[in-house]
1. Within the stretch 210-248, can you find the residues that are touching an Asp or Glu at 6+ places or on another chain (Cβ under 9 Å) and farther than 14 Å from Val159 by Cβ?
2. Could you tell me whether the stretch 236-256 includes any residue that is touching a residue at least 24 places away in the same chain (Cβ under 8 Å), open to solvent by 20 Å² or more (accessible area, probe 1.4 Å), touching a helix residue (DSSP H, G or I) at 6+ places or on another chain (Cβ under 6 Å) and part of a loop (DSSP other than H, G, I, E, B)?
3. State all residues of the stretch 257-288 that are in a loop (DSSP other than H, G, I, E, B), at pLDDT 90 or above and within 21 Å of Gly236 (Cβ to Cβ); if no residue qualifies, say none.
4. Consider only pairs whose beta carbons are under 6 Å apart and that are at least six residues apart or on different chains; among these, list those whose first residue lies in the stretch 113-133 and is of a type in the set (Val, Ile, Thr) and surrounded by 19 or more Cβ atoms within 10 Å (Cβ to Cβ) and whose second residue is part of a loop (DSSP other than H, G, I, E, B) and modelled with pLDDT under 90.
5. Does Leu207 qualify as being assigned to a loop (DSSP other than H, G, I, E, B), open to solvent by 40 Å² or more (accessible area, probe 1.4 Å), aliphatic (A, V, I, L, M) and modelled with pLDDT under 90?
6. For the stretch 113-134, which positions are at pLDDT 85 or above and not in a helix (DSSP H, G or I)?
7. Looking at the stretch 1-87, what strands (runs of 3 or more DSSP E) fall wholly within it and have at least 3 residues that are open to solvent by 20 Å² or more (accessible area, probe 1.4 Å) and modelled with pLDDT of 95 or more?
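The values are calculated or read from the model by the stated rules, or taken from the named source; none is laboratory data. Because the structure is a prediction, the values reported are computed rather than measured. As a convention, Cβ positions derive from the backbone with ideal geometry for all residues, glycine included, and neighbour counts pool all protein chains shown. What goes into the accessible areas is simple: the full protein's heavy atoms, side chains included, and nothing from ligands, DNA or RNA. Shrake-Rupley method; radii C 1.70, N 1.55, O 1.52, S 1.80 Å.
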Amino acid sequence: MYLPMVVGVDGSESSLGAVDWAADEADLHEVPLRIVHAYRWDRYEGASLARELGKPSGHVTTDDILAVATRRARRHHPDLAVTTEATAEEPEYVLLREARNASAVILGTRGRGELAGLLLGSVSLTVATMADCPVVVTRGDHDDRAAGGGRRGRIVVGVADAPTAAVRFACEEARRRGAALDAVRAWRCPTHDTVDHPLLAGTPERLHEERAAKELEAALADAPADVRLRRRTAEGPASRVLSAASHEADLLVVGRRRPGQFGHRLGRVAHTLLHHSACPVAVVPDTT
């Protein structure tokens, strides 16, 4: 059984860009696409959908939103299997329910006006924090389509200190796109480390970098041999390192730890990247 890609739409330009990405992803993975619209989502932002329909914005209906989204999905993939769903429920609830039986959920940022590329809506943030499957938030230039390896032909994954679902996801995405994969491990040298520390036998920065390199190798132990993989360690906060790397990537992949005693938590790095990445961000829940 092939689980569908799910994309949430509200008629906004951001959500229609997410449809483009989701259609590419569904075609790449050879799975159906499911387009979901919740009635209680705010009225769409922007005039593109009304302009495409040739009617005043106040006359746009739920059926119109789904019809336009379906046309967008099939614009580059005419044979793609597409289903739609409209429901009078809160969008977060609907999308989290859909995520239980999806291969991934694709969402836009839902920013407004000139800030559309900067702001992240509460729906996207909530779903990325709690969904049972990977969630892709289509930040950046929506002309960066998933198909054909994207414009840059590169995927970046932030690597933890052990093999994770995020690394496996990134490897599979790189393989399907024929893209290169940059596996990045950030490291920092604590300010209290000095050359006089009794446990340090060399330059502190070098020792921290060497440890990061070893952790990177361990995390990539199961990476497929046919993926064009570049290993990279970089000094600095992970959010800053990965944000800089996102400018040269078609997709940035980060992990999300399993719920702990305090419930679902996204993590500071993923939270920052969802707001500031220059390319789409995939948040992948850990399954181990």
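1. Pro224, Glu235, Glu248
2. Within the stretch 236-256 (the criterion being touching a residue at least 24 places away in the same chain (Cβ under 8 Å), open to solvent by 20 Å² or more (accessible area, probe 1.4 Å), touching a helix residue (DSSP H, G or I) at 6+ places or on another chain (Cβ under 6 Å) and part of a loop (DSSP other than H, G, I, E, B)), the answer is no, since none of the residues qualifies.
3. Ser277, Ala278, Cys279
4. Cβ pairs passing all conditions: Thr129/His264; Thr129/Leu266.
5. For Leu207, the condition - assigned to a loop (DSSP other than H, G, I, E, B), open to solvent by 40 Å² or more (accessible area, probe 1.4 Å), aliphatic (A, V, I, L, M) and modelled with pLDDT under 90 - is not met.
6. Scanning the stretch 113-134 gives Ala131, Asp132, Cys133, Pro134.
7. Where strands (runs of 3 or more DSSP E) fall fully within the stretch 1-87 and carry at least 3 residues being open to solvent by 20 Å² or more (accessible area, probe 1.4 Å) and modelled with pLDDT of 95 or more, they are 82-87.
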